[in-house]
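Peer 1: Take this structure first; my questions come after.
The values are calculated or read from the model by the stated rules, or taken from the named source; none is laboratory data. Remember, predicted model here, so these are calculated numbers, not experimental data. Cβ sites come from the backbone with ideal geometry, for glycine too, and all protein chains shown count toward neighbours. For the accessible areas, the whole protein counts, side chains as well, though only heavy atoms, and no ligand, DNA or RNA atoms are used. Shrake-Rupley method; radii C 1.70, N 1.55, O 1.52, S 1.80 Å.
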Amino acid sequence: MAKRSVAFDPVPFSELPGWDADDHLAAFKAFARSAPALARKAAAPDKTKSAGTALVAAARRAEDLAAGVLTSAAAKAFFEQTFVPHRVVHDGAEGLLTGYYEPVLPGSRAPDGPFRIPIYRRPPDLVNLVREEERGALADGLTHARKTANGVEPYATRADIEGGALDGQGLEFLWLADPVDTFFMHIQGSGRIRLPDGNTIRITYDGKNGHPYTSVGRVLIDAGHFKPEDMTLAALKTWLAADAARGRRTMQENRSFVFFRELANEDEGPLGALETPLSEGRSLAVDTAFHAIGTPVYVSVPTLTPWGTQGFERLMIAQDVGSAIRGPERGDIYFGSGDEAGRLAGGTKHPGRFFVLLPKEQDTP
């Protein structure tokens, strides 16, 4: 693949569409939540591609300010005094924004009744070949593998695992009822599970089998089953569920398979790439080949109107990654938890622009 030409051109805040009307306090709170994770990452021995010291310092200042009483005007002033907006200029495809969410699904801690689809914890022989925050940027190759006595080898595929490749290891810790819902929870990377006793728990991504992600929606479009403009999350779910055997074969076209863990504190999640709690409508998954986790990104998507607004124009924080999120202006908006968030996320596929906020004392873009 040819290397893309990407530049970050400084612009005044006045060039950000809708900047003055945004809820800067909501963005500020999301940014402050990144501070502990950024500081941990910066202090780790492996600092390659971590946030620069200026960004970590800005997040720490925001964290300190967030402990007190802060107004939206003060939050706006913080961003304007600390950062310089930069228009992302590149020779790649037009910017594209999609959405993701946290499904809420019925489940059980034991296989019982309709609950027969296992959710697996991370296997002990699974090893990372890349850092988790880079798994999206490097998703063309293996990102995880199986450790053996002779080195590493590709891990079992989705079809292998669903065929019993992990049976007998005691890795199952939850069971769900619907194979299509389970498949999409893998894609979203997190879930809130409603147990038979009425309690709920949260589970979050804890590694994957390392195989490249394949969009089954794209598979069906290429096969002529859908026109691109007709492909939505709801339409795809309906098609996969209409014929169980056909749906299973199609979902197995995506060889990627996700492992989960239960969060000790349900209020803690869902979590992003550096285990930062995500903020509804403010957290953004990005390609870390171009943007450091924790970076504020002003997103302008004029045709996206999820809450009846005149366009989606707001300051977001790069707090997550995704295997399908590739490119300097490719983003995935976190819409929150539940069915309504899923509806919004599933219908989001809009052109948009990025304005990246870099600290005035920036190390390197």
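Peer 1: Give me the number: length gained by fully extending Asp230 to Ala77, i.e. 0.36 nm times residue separation minus the C-alpha to C-alpha distance, one decimal in nm.
Peer 2: 50.8 nm
Peer 1: Could you pull out the pairs from Lys237/Lys349; Lys147/Lys237; Lys227/Lys349; Lys41/Lys349; Lys76/Lys349 whose alpha carbons sit more than 25 Å apart here?
Peer 2: In this structure, Lys147/Lys237; Lys41/Lys349; Lys76/Lys349 lie more than 25 Å apart at Cα.
Peer 1: Considering the alpha-carbon set of region 243-365 alone, what are its Rg and its Dmax in angstrom?
Peer 2: Spelled out, the Cα radius of gyration and Dmax of region 243-365 are 16.3, 57 Å.
Peer 1: Between Ala159 and Asp23, what is the spin-label point distance in nm, taking each point 7 Å from the Cα along the Cα→C-beta axis?
Peer 2: Placing both labels 7 Å beyond Cα along the Cβ direction yields 4.6 nm.
Peer 1: Continuing with this model, one more query. Would you mind getting the accessible area per residue of the chain, heavy atoms of the protein chains only, 1.4 Å probe, in Å²?
Peer 2: About 45 Å² of surface per residue is accessible.
Peer 1: How big is the chain in terms of Cα radius of gyration and Dmax, in angstroms?
Peer 2: Both quantities, over Cα of the chain: 20.5, 60 Å.
Peer 1: Right, something else. At 10 °C and 1.306 mPa s, what whole-number value in µm²/s does Stokes-Einstein give for the translational diffusion of region 10-164, with Rh from the Kirkwood sum over Cα pairs?
Peer 2: So the translational diffusion coefficient is about 78 µm²/s.
Peer 1: Continuing with the same structure: Could you point to the residue in Gln188, Val127, Ala177 farthest towards the positive end of the chain's charge dipole, with +1 and -1 charges on the Cβ of Lys/Arg and Asp/Glu respectively?
Peer 2: After comparing all options, I get Val127.
Peer 1: Got a sec? What order do Asp20, Asp230 fall in by accessible area at 1.4 Å, biggest, i.e. largest, first?
Peer 2: Ranked from most to least accessible, the order is Asp20, Asp230.
Peer 1: Oh, and also: Rounded to the nearest whole Å³, what is the per residue volume of the convex hull around the Cα atoms of region 302-350?
Peer 2: 99 Å³
Peer 1: A further question on this structure: Taking a label point 7 Å from the Cα of Ala7 along the Cα→Cβ vector, which residues of region 75-89 have an amide N closer than 17 Å to it?
Peer 2: Taking a point 7 Å out along Cα→Cβ of Ala7, the residues of region 75-89 whose backbone N falls under 17 Å are 85-89.
Peer 1: Using the crude model of +1 on Lys and Arg Cβ and -1 on Asp and Glu Cβ, and no other charge, please compute the dipole size for region 217-306 relative to its Cα centre, in debye to 20.
Peer 2: It works out to roughly 460 debye.
Peer 1: Let me ask something else about it. According to the Cα gyration tensor, what semi-axes, each the square root of 5 times an eigenvalue, does the equivalent ellipsoid of region 97-215 have, listed from largest to smallest in whole Å?
Peer 2: So the three semi-axes of region 97-215 are 26, 18, 12 Å.
Peer 1: Indicate the gyration tensor shape class of region 163-292 (rounded, prolate or oblate), computed on the Cα atoms with a ≥ b ≥ c the square roots of the eigenvalues: a/c under 1.5 is rounded; otherwise a/b larger than b/c is prolate and the rest oblate.
Peer 2: In terms of gyration-tensor shape, oblate.
Peer 1: Please work out how much length the chain gains when fully extended from Leu65 to Asn199, using 0.36 nm per residue of separation minus the C-alpha to C-alpha distance, in nm with one decimal.
Peer 2: 44.7 nm
Peer 1: Another question, if that's okay. What longest region of the chain stays clear of GluC sites (Glu not before Pro) that DSSP places outside H, G, I, E and B and that have at most 13 other Cβ atoms within 10 Å?
Peer 2: Between the exposed loop sites, the longest stretch runs 95-360.
Peer 1: Under 10 Å, Cα contacts only: if you run a Gaussian network model on the chain, which one of Thr71, Thr288, Thr143 comes out with the highest mean-square fluctuation?
Peer 2: The residue that fluctuates most here is Thr71.
Peer 1: With +1 on each Lys and Arg Cβ and -1 on each Asp and Glu Cβ, and nothing else charged, work out how big the dipole of the chain is about its Cα centre, in Debye to the nearest 20.
Peer 2: Computed charge dipole of the chain: roughly 500 debye.
Peer 1: Among Asp339, Asp222, Asp197, whose mean-square fluctuation peaks in a Gaussian network model of the chain (Cα, cutoff 10 Å)?
Peer 2: Among Asp339, Asp222, Asp197, the largest mean-square fluctuation in the Gaussian network model of the chain belongs to Asp197.
Peer 1: Hey, another quick one. Give me the percent of the accessible area of region 214-365 that comes from carbon and sulfur atoms, probe 1.4 Å, all protein chains in place.
Peer 2: Of the solvent-accessible surface of region 214-365, carbon and sulfur hold 46 percent.
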